[in-house]
Amino acid sequence: MKKRDLLSLQDLSRQEIRGILTLTRQLKQSQKLGATHRLLAGKTLAMVFEKPSLRTRVSFETGMIQLGGHAVFLGPAEIHLGVRESPADCARSLSRWVDIIVLRTFSQDILEEVARSATVPVINGLTDLFHPCQVLADCFTLLERKKTLDGLKVAFVGDGNNMAHSWMEAAEKLSFSFSLACPRGYEPSAEIARLAKERGARLLVTNDVAAAVQGADVIYTDVWTSMGQEEEAEARRNAFRGYQVHSGIVALAKPDVLVMHCLPAHRGEEITDEVLEGRHSIVFDQAENRLHLQKAIMVWALKEVKSKR
Ligand code: CP
Ligand code: NVA
């Protein structure tokens, strides 16, 4: 079997995504019933994190333990990729001990270098460019609520960042439309948008929040300042004024709109407290589903996943 990396959603076919979503549902059901599913007994996950994390760290580590394996966490102080040791040497050493690596880092290039050098699967736990595990978990969360993603309108209000890029790729792989409203100068990568469109994604990128959110089934938002951009925080707070998800924005969408946020949230900035705590919000379902989805990803990477046609 060819080594299976998940560096962006381009690494997954539509059929593989369907298989992963089906397995996620099965794993979630069996966990709720208290049934063990030690599909990865004896396997070891290395977790190399160069940025902070709550959800990704705890859900991967807990997930691997529930699958019968264990996890080793390596923060910036342990490895210091590219300073203490090159990404390639780190990947080659880790491959001699562990079965799978999850990496949270800055540039996609570092992730790709680790994946090229590792002989075990490498999973993207967030880079500056993509956050595929989050968006797959979000698609699963949407499926739980809406039964199908076909024809849904997902509206993203905020920065054209890593989350936005993975959503554009998801819109290409699954049949929903994706509209993004951001301030001028904070648009997503034109190249990622172009490729997704060429492959059939229905995308709208606009500076007009109302145009993006009108009639939406889902309103998604994320922080204005991502990890690594802390020095720009003040400029971004000014630029993104007018791009807050508040009750007036929610009222433009469908009456049963779902409000989503990958968390951590900055209440009072990209989203009001009222909306985050309101009846449309499903943000903690999203957080929970990281666990179930990433268990399915690890099983996909290390074993065959059967997919329903
Ligand atoms: N949503 C998400 O990835 O959260 P963490 O940064 O806490 O892992
Ligand atoms: N865009 C955010 C996502 C956090 C999960 C960041 O990169 O910090």
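All of the numbers you see were taken from the coordinates with simple rules; none came from a lab. Just so it is clear, the structure is predicted and the values come from calculations on it, not from any experiment. Please note: Cβ atoms are built from the backbone with ideal geometry, for glycine as well, and neighbour counts cover all protein chains shown.
Descriptive notes on the structure:
- Normalised contact order of the chain, rounded percent, pairs of Cα under 8 Å and 6 or more residues apart: 21
- The aspartates and glutamates within cross-link reach of LYS153, meaning a Cα-to-Cα straight distance under 15 Å and a gap of 8 or more places when in the same chain, are ASP138, GLU169, GLU172, ASP217, ASP256.
- Farthest toward positive dipole pole in the chain [+1 Lys/Arg, -1 Asp/Glu at C-beta], among LEU54, VAL245, ALA170: ALA170
- C-alpha long axis of helix 108-117 to longest principal axis of the chain, angle in °: 20
- Residue-span extension gain [GLU85 to SER247] - 0.36 nm each, minus C-alpha spacing: 53.5 nm
- For segment 259-295 and segment 54-83, distance of Cα centres in Å: 22
- For the chain, the dipole from Cβ point charges (+1 on Lys and Arg, -1 on Asp and Glu) about the Cα centre works out to 1520 debye, to the nearest 20.
- At full extension, LYS3 and ARG96 could sit 32.0 nm farther apart than now, given 0.36 nm per residue minus the alpha carbon distance.
- Nearest 10 degrees, 0 to 90: helix 283-302 Cα axis against the chain principal axis: 40
- Gyration tensor (Cα) of segment 9-156, equivalent ellipsoid semi-axes in angstrom: 28, 20, 13
- Once the mean of 1/r is taken over each pair of separate Cα atoms and inverted, segment 216-267 shows a Kirkwood hydrodynamic radius of 12.2 Å.
- With the convex hull drawn around the C-alpha atoms of the chain, the volume per residue stands at 129 Å³.
- Here segment 51-173 is assigned +1 on the Cβ of each Lys and Arg and -1 on the Cβ of each Asp and Glu. Its dipole about the Cα centre then comes out at about 320 debye.
- With respect to the chain, whose longest principal axis is taken over its alpha-carbon atoms, helix 132-146 is tilted by about 60°.
- Note on the chain: dipole from Cβ charges, positive end direction compared against ALA137, HIS266, THR148; the farthest Cα belongs to THR148.
- The mean of 1/r over all distinct Cα pairs in segment 126-227, once inverted, gives the Kirkwood hydrodynamic radius of 13.4 Å.
- Cross-link reach list, lysines versus LYS2, counting only Cα pairs under 20 Å and skipping chain neighbours closer than eight places: LYS43, LYS295, LYS303, LYS306
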